[in-house]
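These notes are about the structure you will find just below.
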Amino acid sequence: MGVFNDDPTDDLLPPGENAVPLSNRSSEKTIFKEFGERWRIAKIDSLFYYAPGESYATFARTTFTPRFLEDVLANMTPSQREMAQKTCGNNKECKEDAANATLETNSKNKKDTEISSNASPNITVDVVFNVTVGEINSLNFTASDQDGDTVKVTLESILPDGATFDNNVYTWTPTNMDVVNISFLASDGKGGVAAADVAVNLCNCSGHGECLFDLLADGYELKQTFRIVQCNCSIEWEGDHCESDFDGCQDSPCTEGTNCTDVSPSEHIASGKAFHCSLCPPGTEESAGICLHIDECTEHTSGCEQNCTNSVGSFQCSCNDGYTLDKDGRSCNMSKKLDSECKKLKCEYGCREEGAGSFVCFCQSGYVLSADKTTCEDVDECAEKNGGCVHTCSNFVGGFNCSCNDGFQLMNDKKGCKLCPSGTWGKNCQRDCNCRDINTVCNETTGCAECPEGFRGGDCHEDIDECVTSDPCDKHANCSNTVGTFKCICAAGFTQFNATACQDLDECESDPCANGGVCENRDNAFSCACLAGYTGTNCETGMNGFDEKSLTFFVHPNEF
């Protein structure tokens, strides 16, 4: 390219008929663009043969621009340019080497300065990530740089199954309890980095309990970055992860001599009981956790008409002299001789011989002879010292029995009462406490002591009828019980004042009195004082022959 004719003034001749040679004093940048680039051949003009896999494009670097001496010198300080001039004089090659060495040193120094003064980025993220198996859990964080540099955050740990990391949001739906580590790295592109490790608290209560993220499972410590947490299982489930049906029979809750049957979780919720106990064998009853023999004679349940003899698991009826036991095993039949004597004495029930030829009337079990010595009257055992019952005595014809208030059970003597055993409540202690919180106190009378407002019972499922227990509404409202609460419905003529009270409706606000009548509001009613010449409930009727000085009052009651 160019012209070789020993004339240095036209060496830099660009291609073309009318081209003008460049001055040999032109800058390197001008020579490159106006001379060198214009002599670049196109692909079609190439006469070269290329090896397999190579072509014109392999060698034609159309985007390359060399570093020009004038640019290098321009980036040097005056003192650096002066030093290069002293060292190299007019030797361009020397100047270029000196300038490049200086720029490399400057570039390195500048880079070192940038690195030393660069502030590392910051990552703001929760140090603990609480996650639940089977649920979507998200971890958000922010990354910033005080120098204003663009910060890129990468995930340094392995992404577990069910997890995604996108746009600085880590989303994870765990499917198991495999160990997972979470680490992030933030970089500002200038050598500044910041790392963040996130501890994982993993909960797996199998959908049957509450996650206790503040309590670690056995074998895990706070210093670890992956921890399993404890569960507070629902009453019908148990196990470290609430994975097993609660075994209601595990503590042998049933009376000795009976069988215990565990119930399903659904039945446990519905009934509030975790087990079923079979009944005590015939002739026995449950008392203090064991099946005790029933004394039918003492409890007046034998049905014996006259005499009763108790035995283990049974009893035997017998009759007084002169009577024979009926085939029903309980009734007594009078002999003909006694029947004749009893009729003479006019005995209401029966008679017996007392000494030779002497007969007296007597009464069947549970009755006493009246003052007339012939008729019988029921013994009210409860009338004297409450029949010996500690709580309630109930008399019935021919006998009585004792019972206990809610929260107590009858003692073996059938008269005393004792508090329900721990974990039981209600009438005769027949209900179990299965409170949601294992630390909740079981009240012997009402069940779980810390039930949500409006509920009570051993499992807090029993609605409290506030209308019966406390009558919360005022006298102008009717109480209507609802699940967990109640409503006060105001009577006609009253409006709601607050949740429990009603206030009188001022009927006079609607101006009900006609023809100048004066309205007076009254409790649940109003009255109109009519001007002379008018009558009617609302002074709506005119009348003839009236006394101008008279007023007529009509009271209009509302329906209550």
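The values are calculated or read from the model by the stated rules, or taken from the named source; none is laboratory data. Since we're looking at a predicted model, the values are computed, not measured. So basically every Cβ, Gly included, is an ideal-geometry build from the backbone, and we count neighbours across all protein chains shown.
The table for this structure:
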quantity	calculated
Pairs where the first residue, in the stretch 453-475, is not assigned by TED's automatic domain parsing to the domain that holds Ala492 and among the small types (Gly, Ala, Ser) and the second is modelled with pLDDT under 85 and exposed (fewer than 14 other Cβ atoms within 10 Å of the Cβ), C-beta under 7 Å, 6+ apart	Gly454/Gly484
Filter pass, Asn428 being loosely packed, with under 15 Cβ neighbours inside 10 Å, at pLDDT 85 or above and within 40 Å of the chain's Cα centre (by Cα)	no
Residue in the stretch 210-233 that is more than 17 Å from Arg431 (Cβ to Cβ), touching a helix residue (DSSP H, G or I) at 6+ places or on another chain (Cβ under 9 Å) and in the same structural domain as Val128 (by TED's automatic domain parsing) present	no
Residue count, the stretch 13-54 (criterion: over 23 Å from Val72 (Cα atoms) and either under 60 Å from the mean Cα position of the chain (by Cα) or assigned to a loop (DSSP other than H, G, I, E, B) (or both))	23
Residue tally, condition surrounded by 15 or more Cβ atoms within 10 Å (Cβ to Cβ) and either over 23 Å from the mean Cα position of the chain (by Cα) or part of a strand (DSSP E or B) (or both), over the stretch 158-192	16
Candidate set from the stretch 357-385 (those that are under 15 Å from Glu305 (Cβ atoms) and polar (S, T, N, Q)); member that is surrounded by the most Cβ atoms within 10 Å (Cβ to Cβ)	Ser365
Candidates Leu325, Leu292 - the one that is in contact with a strand residue (DSSP E or B) (Cβ under 7 Å, 6 or more places away or on another chain), under 28 Å from Phe359 (Cα atoms) and surrounded by 14 or more Cβ atoms within 10 Å (Cβ to Cβ)	Leu325
Subset tally (residues that are part of a loop (DSSP other than H, G, I, E, B) and over 24 Å from Cys291 (Cα atoms)) for the stretch 385-423	2
Total residues in the stretch 252-266, condition within 21 Å of Gly426 (Cα to Cα) and exposed (fewer than 14 other Cβ atoms within 10 Å of the Cβ)	1
Check on His268, outside the structural domain of Ile182 (by TED's automatic domain parsing), closer than 16 Å to Cys435 by Cβ and not aromatic (Phe, Trp, Tyr)	yes
Qualifying residue in the stretch 174-190 (condition: charged (D, E, K, R) and modelled with pLDDT under 90)	yes
Which listed residue is closer than 25 Å to Gly542 by Cβ and not in a loop (DSSP other than H, G, I, E, B), from Cys519, Cys488, Cys513	Cys519
Selection within the stretch 475-485 - crowded, with 16+ Cβ neighbours inside 10 Å and part of a loop (DSSP other than H, G, I, E, B)	His476
Scan of the stretch 130-154 for residues that are touching a residue at least 40 places away in the same chain (Cβ under 8 Å) and of a type in the set (Ser, Thr, Tyr), ordered by number	Thr132
